[in-house]
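*Asks:* Sharing a structure with you now.
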Amino acid sequence: FHLALVPAHAGVLRQDLRSLFTYRNLGLAALGFGAAGAVHPWDDDVKGKLKGVAPIKAASDLSNLYGSSYFNIPATACLWAFGRATRREELRAVSSDLLRSLLLTQATAGPIKVTVRRRRPDNSDRRSFPSGHTANAFAVAGVMQRRYGPYIGVPLFAAGAVVGVVRMHDNHHFLSDVVAGAALGTLVGCSVTRTEAKRFSALPVRIPGGWMLVVQARE
């Protein structure tokens, strides 16, 4: 009698890519980026009206940290490692979804930034479009909306909107950058493959000379 272990999570990233690059999502992306183009004429007007708004200024540091890839990707990776080490399967599953959505968001936003080369309002570089911070925040909201519904998703979408407003207030992005980032992040967050808590199944398989028990860890 033999025992074999079969990995079940191989290819999840390929599934994410297949789910993201569908004709439906490409159409939705066109609508989102079209909306960014539609609000482009108001870029300077909105930026000027946000200057000096006290509540936005108070939220600046926290929201910039929340949307930063330098914070949320390592933090999510640590959550995943903690969930796996402590066998907290729900934590491992949701952090896996979040981590993959953040990585895929930046892998998608980065080439667009390099291609478009739009100068930021503060003239610091040519990586303004789309807003990566906003995209990250909306990707997180999309994942949590799918897993836990609107009671969690809606507040996180609102938090993502705050991140976008702060990025405009701090002179890092225009309105159209934020709209494009929100559309991109939402598409990615709502498209990543949902990872389920790990379950184990066992199936006896006949082999020459006896039987083999195949134990599979399913996501």
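The values are calculated or read from the model by the stated rules, or taken from the named source; none is laboratory data. Predicted model only: the values in this text are computed from it and were never measured. Quick reminder, even Gly has a Cβ in these numbers, built from the backbone with ideal geometry, and neighbours come from all protein chains shown. To get the accessible areas, we keep the full protein, side chains included, count just its heavy atoms, and leave off ligands, DNA and RNA. Shrake-Rupley method; radii C 1.70, N 1.55, O 1.52, S 1.80 Å.
*Asks:* With of a type in the set (Gly, Ala, Ser), modelled with pLDDT under 95 and either touching a helix residue (DSSP H, G or I) at 6+ places or on another chain (Cβ under 9 Å) or open to solvent by 10 Å² or more (accessible area, probe 1.4 Å) (or both) as the only criterion, which of Ser124, Ser131 stands out?
*Replies:* Details: Ser131 fails: modelled with pLDDT under 95.
Testing whether each residue is of a type in the set (Gly, Ala, Ser), modelled with pLDDT under 95 and either touching a helix residue (DSSP H, G or I) at 6+ places or on another chain (Cβ under 9 Å) or open to solvent by 10 Å² or more (accessible area, probe 1.4 Å) (or both) leaves just Ser124.
*Asks:* Contact list please: Cβ distance under 7 Å, first residue in region 88-106 and within 18 Å of Gly11 (Cα to Cα), second residue surrounded by 19 or more Cβ atoms within 10 Å (Cβ to Cβ) and of a type in the set (Asp, Glu), pairs at least six apart or on different chains.
*Replies:* Correct list of pairs: Arg100/Asp16; Leu104/Asp16.
*Asks:* Moving on. Is it the case that some residue within region 91-109 is open to solvent by 40 Å² or more (accessible area, probe 1.4 Å), more than 18 Å from Gly160 (Cα to Cα) and β-branched (Val, Ile, Thr)?
*Replies:* In the first step, residues of region 91-109 are kept if they are open to solvent by 40 Å² or more (accessible area, probe 1.4 Å); the result is 91, 103, 106-107.
Narrowing the set further to residues that are more than 18 Å from Gly160 (Cα to Cα) leaves 91, 107.
Imposing the further condition that a residue be β-branched (Val, Ile, Thr) reduces the set to none.
Scanning region 91-109 turns up no residue that is open to solvent by 40 Å² or more (accessible area, probe 1.4 Å), more than 18 Å from Gly160 (Cα to Cα) and β-branched (Val, Ile, Thr).
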